[in-house]
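Here the structure comes first, spelled out in structure tokens, and everything after it is commentary.
Nothing in this text is a laboratory measurement; each read-out follows from the coordinates by a stated rule. Only a predicted model underlies this, so the values are computations on that prediction, with no experimental measurement involved. Backbone-built Cβ (ideal geometry, glycine too); neighbour counts: all protein chains shown.
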């Protein structure tokens, strides 16, 4: 090669540098173009190497680039599904194992991975739907034996107690006002018990049937012309029958119709003034009511969130009540280590409207231990939640409630939970200043409930 003279050397160096820059830029553009337009061969080779090296993040990036350019095949879906599964993001792994089954619907590897993804994501309705597709060998490996009709037995119950001592003190020390008649009800405590079982009648359908009993003693106190009369104490007894159906449909859709029937019985004492004897007399009658609530919800699961539309219709003592709501669920980590629910519900009965807001956050706090906390605010009179499983038909207005739940999974069969619920209720106080003039005042107090539960899965 001939070396240029000093006269042209600087020009040669400049031109050479420009050629290097141009060639480098061209090569870079060519490489970028290959990355932007990956081929099946390149992706298959790259994803295989990343899979063997367990470089899950790089594998997911390469796989997403391929899918964005229409490259989709069985092994790519399997590798991406395993990558998300290993990262414990089960909800993002689900679409890839479902995608792999579109290429081979009998693939045992995809079916087994998908089973655990559904299970660890809380999508039990999809677990039921998937089981018939598993081979006998896969079921034995997972630990499923035989055809199971009964799925679970659930038992819960506990006491409630009121923090209403201040209201009792106010009653015991009345204000020196000019009135002829005072009346108030005190709801100190009640006990609650529920038992139910879930069974499967079809891979896509499960049914829950339950019975519950509530015993709530109450006391009516009356003062007439500053003289306290004999108090009236009685125990209201409530029996409930609850049933729900869960339909698991393809595409992550769950449809849940439910019904709740309530039989309530108690004695009610009415006070009236006898103008002939000029005395206050009482009249006690037995009250029996049968109320019902019907519920319907549709929930759609996506990789990291879900949306649910729900509605209820109920008849409480000849007062119709309707609820319509929407709920959003999030799973930031793609599993049950962290999850939230946000709901907005509109409840109305005649001209009475109430907007109710619900917020819950939960997650795993230790091995096999989960903690949930929730807050609900609004007029919760006859409010129905959790597909009408819980009905707040207390005789007093409930302004808000707070709940916290500890859930401990002892094994694949046994689960224990303890729930603490605190509600703010309003106690009414009736004043009659004259026979025609009266006033009703309210006092707010807290009501505490503790519920223990056992769930056994077959």
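Just want the ordering: 69, 137, 96, from fewest to most Cβ atoms lying within 10 Å of their own Cβ. Could the numbers behind the result be given before it?
Values: 69 14, 137 10, 96 27.
With the sparsest Cβ surroundings first, the list reads 137, 69, 96.
What FRET efficiency would be calculated for the residue pair residue 365, residue 285, taking the C-beta separation as r and a Förster radius of 41 Å, to the nearest 0.05?
Rounded to the nearest 0.05, the efficiency is 0.20.
What nm distance separates the two modelled labels at residue 108 and residue 346, each placed 7 Å from Cα along Cα→Cβ?
5.4 nm
Per DSSP H run of at least 4 residues, take -39500 (n - 2.57); add these up for the chain, divide by its residues and hand me the 222 nm value, nearest 500 deg cm²/dmol.
Taking each H run of at least 4 residues, the total per residue is -8500 deg cm²/dmol.
Specify the inter-centroid distance of segment 106-153 and segment 61-90, based on alpha-carbon positions, in whole Å.
Here the two parts' Cα centres lie 22 Å apart.
Can you tell me the length gained on complete extension of the stretch residue 147 to residue 189, counting 0.36 nm per residue apart and subtracting the Cα distance?
Difference between extended and current length: 10.7 nm.
Once you put a point 7 Å from the Cα of residue 253 and another 7 Å from the Cα of residue 438, both along the Cβ direction, what distance in nm separates them?
Rounded to a tenth, the inter-label distance reads 5.3 nm.
In degrees from 0 to 90, rounded to the nearest 10, what is the angle of the helix 56-68 Cα long axis to the longest principal axis of the chain?
Helix 56-68 and the main axis of the chain meet at about 80 degrees.
Tell me, in nm to one decimal, what length is gained between residue 397 and residue 273 on full extension, where the rule is 0.36 nm per residue of separation less the Cα-Cα distance?
Stretched out fully, the residue 397 to residue 273 stretch lengthens by 41.8 nm.
Using only alpha carbon pairs under 8 Å that are at least six residues apart, calculate the relative contact order of segment 151-457 and give it in whole percent.
Here the relative contact order equals 16 percent.
Can you give the angle from 0 to 90° between the axis of helix 108-121 and the longest principal axis of the chain, with both taken from C-alpha atoms, to the nearest 10?
Once rounded, the angle reads 40 degrees.
How many nm is it between the label spots at residue 225 and residue 305, if each spot is 7 Å from the Cα in line with the beta carbon?
Modelled inter-label distance: 6.8 nm.
Using Cα atoms only, what is the angle between the long axis of helix 6-36 and the major principal axis of the chain, expressed in degrees (0 to 90) to the nearest 10?
50 degrees
At a 10 Å Cβ-Cβ cut-off, how would you order 437, 349, fewest neighbours first?
Least crowded to most crowded, the residues run 437, 349.
Give the order of 256, 312, 289 when sorted by the count of other beta carbons within 10 angstrom, beginning with the fewest.
Lowest count first: 289, 256, 312.
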